[in-house]
1. Report, in degrees rounded to the nearest 10, the 0 to 90 angle that the Cα long axis of helix 22-38 makes with the longest principal axis of the chain.
2. Could you tell me, in Å, what Rg and Dmax come out for the Cα atoms of the range 9-120?
3. Taking only Cα atoms and a 10 Å spring cutoff, compute GNM fluctuations for the chain and point out the largest among 86, 142, 172.
4. Report, as a whole number in µm² per second, the diffusion coefficient that Stokes-Einstein gives for the range 152-192 at 20 °C and 1.002 mPa s using the Kirkwood radius over alpha carbon pairs.
5. Classify the range 136-206 as rounded, prolate or oblate, taking a ≥ b ≥ c as the square roots of the eigenvalues of its Cα gyration tensor: rounded when a/c is under 1.5, otherwise prolate if a/b is larger than b/c and oblate if not.
6. For n ≥ 4 DSSP H runs only, could you compute -39500 (n - 2.57) per run for the chain, divide by its residues and tell me the 222 nm figure to the nearest 500?
7. Could you work out which residue, out of 24, 145, 157, moves most in a Gaussian network model of the chain, that is, has the largest mean-square fluctuation with Cα springs under 10 Å?
8. Find how much the distance from residue 53 to residue 18 grows on full extension, using 0.36 nm per residue of separation minus their present alpha carbon separation; answer in nm with one decimal.
Ligand code: ZN
């Protein structure tokens, strides 16, 4: 039914530093350099010498999901055994960047679906999550995007996603509620039925 949890080789969806757009890199670096200068920092400080390029490279890596071709190719298998229960993967880690402040939010996603005619390997859950996480993002929107992906691309009979995350834009500024978790959830199809939702939450509590 499921693939063994192995480390997958580099796929087209992964960030490949040799394939960044040099024009994009140069342009972002130019603007980061401007910020460094506006802040009145000492540009002869060796620690700042290549910061503009490093930040540009880092942005392109963290926003890799925006790149054309970044969408993971998700191979499906026919649901030959007619499995019609929940398939769940919990505690999948992710790192993303908040659209409002361009600082990280990160945490774990718990993803489940009830298959229709197609199933996917469990390792694909993290690939789908990664695709949506690697861009300026909102936790609420990412939760919806992942659940929609499962229903739209897999014709799942139902899907449920819960994401728990820490937001550095909250923790590093203002009221500094360090360690607070923001929890979002989205449900589709069969998960509107309470027993299925409770089964999901029950599996989460274990
Ligand atoms: Zn923010």
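None of the figures in this text is laboratory data; all of them are computed from the coordinates on show. Being a predicted model, the structure only gives us computed values, none of them experimental. Counting neighbours? That spans all protein chains shown, and the Cβs are built from the backbone with ideal geometry, glycine included.
1. 60
2. Looking at the range 9-120, its Cα Rg and Dmax stand at 20.2, 66 Å.
3. Largest GNM mean-square fluctuation: 172.
4. Rounded to a whole number, D works out at 174 µm²/s.
5. Oblate shape, in that a/c is at least 1.5 and b/c is the bigger or equal ratio.
6. Here the helix-only value at 222 nm equals -11000 deg cm²/dmol.
7. Checking each option, the largest mean-square fluctuation is seen for 24.
8. Values: separation 35, 0.36 × 35 = 12.60 nm, distance 1.43 nm.
Here the answer is 11.2 nm.
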